[in-house]
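Visitor: First the structure, which I've put down as structure tokens, then a few questions once you've had a look.
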Amino acid sequence: MAFDIKDKISGHLKARLQLPLVPGKHQAQIIAISARKGGVGKTTSAVNLAVSFAASGHKTLLIDIDPQAHVSTALRRDLKSTHGNLSDVLLGKKREVHEIAYATNISNLWLAGSEKHLNETENCLAAKIGKETILAHALENTRTHYDIILIDCPPNLGTLSLNALFAADYVLIPSDMSALALEGIGDILSTVETLRDRMHRPVEIMGVLITRYDKRLKQMNSMVETALHELLDTPLLEARIPQNTALNKAHLKGLSIFEFSAKSSGALAYKEAADEILEILGLAEHLHVQEDVVSAQVTSA
């Protein structure tokens, strides 16, 4: 018992005596990718948008705050060893997400990965004052080291998702063309409105990214789009991510769609979506890498 108390005191003293973190020369814009409904391509969108941003020359950090840890599955061919996890940051053992981020084999892309204990970590956060703001504080220095930070949220609106939404500058909502997805979008919009009103956090809705799109279902597509515009007053990205078997196969292989099948309809659609988002962020003028750069990086890796 005496040793336990000594270790705890020593840990607190070390935390207070840590040297100030050196700021970088960037100022990342943070996008939370959130969806209440499963199976809409949330993680697929997070991974492929992040790879596309990185290929465009932007230093990109992908944070996986979903306990399912699907980002690591989708990028397992491009990962190197890690030195810490998000639980360490959320529980105060590390001060900044940047301390646990590690480079992937894709140039300009870093990952702060999830792990299965995040569910337990979420339970530990429940009694903490200001629990929704922990991630935002842990990104204050981190964002100075990147151009874009993407956060893959859990498919719910628990404490981890609230941390991501509070930390974000923008919220991107992947959605298929179904009535169930509309209900989930409404819940996210309501939560963002609460963050604005009660916590004075100016989070913007970037828009809805339509996924699993089947252009043959014209009537259903029209009904859902009308509901999004008229009932939820939500902007839609112009890009449409189609039903595409290459996207599923890429995930199973642990590759981005650009590495697996750069000419597939899924790859072209995610490139279009990424370019559209860069326009929104005011970063499109920095595009200077050719469309085949990802393949070149993989070949040289």
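The values are calculated or read from the model by the stated rules, or taken from the named source; none is laboratory data. Keep in mind it's a predicted model, so treat the numbers as computed, not measured. All Cβ positions, even for glycine, are placed from backbone atoms using ideal geometry, and neighbour counts span all protein chains on display.
Visitor: Within the set of pairs 6+ apart or on separate chains, which have a first residue in the stretch 164-179 that is under 13 Å from ILE151 (Cβ atoms), a second that is of a type in the set (Asp, Glu) and part of a strand (DSSP E or B), and C-beta atoms under 9 Å apart?
Guide: Sorted first by the residue in the stretch 164-179, then by its partner, the pairs are ALA164/ASP152; ALA168/GLU204; ASP169/GLU204; TYR170/GLU204; VAL171/GLU204.
Visitor: Continuing with the same structure: If I go through the stretch 236-253 residue by residue, how many of them are under 20 Å from VAL192 (Cβ atoms) and either exposed (fewer than 15 other Cβ atoms within 10 Å of the Cβ) or without any contact (Cβ under 8 Å) to a residue 12 or more places away in the chain (or both)?
Guide: 0
Visitor: Follow-up question, since we're still on this one. Could you tell me which numbered condition LYS37 fails, if it satisfies all but one of (1) at pLDDT below 90; (2) in contact with a strand residue (DSSP E or B) (Cβ under 6 Å, 6 or more places away or on another chain); (3) not aliphatic (A, V, I, L, M)?
Guide: (2)
Visitor: Would a scan of the stretch 73-80 turn up a residue that is of a type outside the set (D, E, K, R) and either more than 23 Å from PHE258 (Cβ to Cβ) or surrounded by fewer than 24 Cβ atoms within 10 Å (Cβ to Cβ) (or both)? Step through it out loud before you land on a result.
Guide: So the first thing to find is which residues in the stretch 73-80 are of a type outside the set (D, E, K, R), and the list is 73-75, 79.
The next check asks that each one be either more than 23 Å from PHE258 (Cβ to Cβ) or surrounded by fewer than 24 Cβ atoms within 10 Å (Cβ to Cβ) (or both); those that pass are 73, 79.
There is at least one residue in the stretch 73-80 that is of a type outside the set (D, E, K, R) and either more than 23 Å from PHE258 (Cβ to Cβ) or surrounded by fewer than 24 Cβ atoms within 10 Å (Cβ to Cβ) (or both).
Visitor: Would the stretch 92-99 turn up any residue that is more than 20 Å from PRO23 (Cβ to Cβ) and in a loop (DSSP other than H, G, I, E, B)?
Guide: yes
Visitor: From the list ARG201, ARG212, ARG196, pick out the single residue that is part of a strand (DSSP E or B) and either touching a helix residue (DSSP H, G or I) at 6+ places or on another chain (Cβ under 6 Å) or at pLDDT 90 or above (or both). Talk me through it step by step, then tell me what you get.
Guide: Numbers: ARG201 fails: part of a strand (DSSP E or B); ARG196 fails: part of a strand (DSSP E or B).
Among ARG201, ARG212, ARG196, only ARG212 is part of a strand (DSSP E or B) and either touching a helix residue (DSSP H, G or I) at 6+ places or on another chain (Cβ under 6 Å) or at pLDDT 90 or above (or both).
Visitor: Can you tell me which condition SER45 does not meet? The list is (1) modelled with pLDDT under 90; (2) under 26 Å from THR159 (Cα atoms), and all the others hold.
Guide: All conditions are met except number (1).
Visitor: Got a number for residues in the stretch 238-286 being outside any helix (DSSP H, G or I), hydrophobic (A, V, I, L, M, F, W, C) and more than 20 Å from the chain's Cα centre (by Cα)?
Guide: Of all residues in the stretch 238-286, those outside any helix (DSSP H, G or I) come to 238-244, 254-256, 261-264, 282-283.
Now narrow it down to the ones that are hydrophobic (A, V, I, L, M, F, W, C): 239, 241, 255, 262, 283.
Retained after the next criterion (residues that are more than 20 Å from the chain's Cα centre (by Cα)): 262.
Number of matching residues: 1.
Visitor: Next up: Checking THR234 against (1) part of a helix (DSSP H, G or I); (2) farther than 22 Å from VAL71 by Cα, which single condition isn't satisfied?
Guide: (1)
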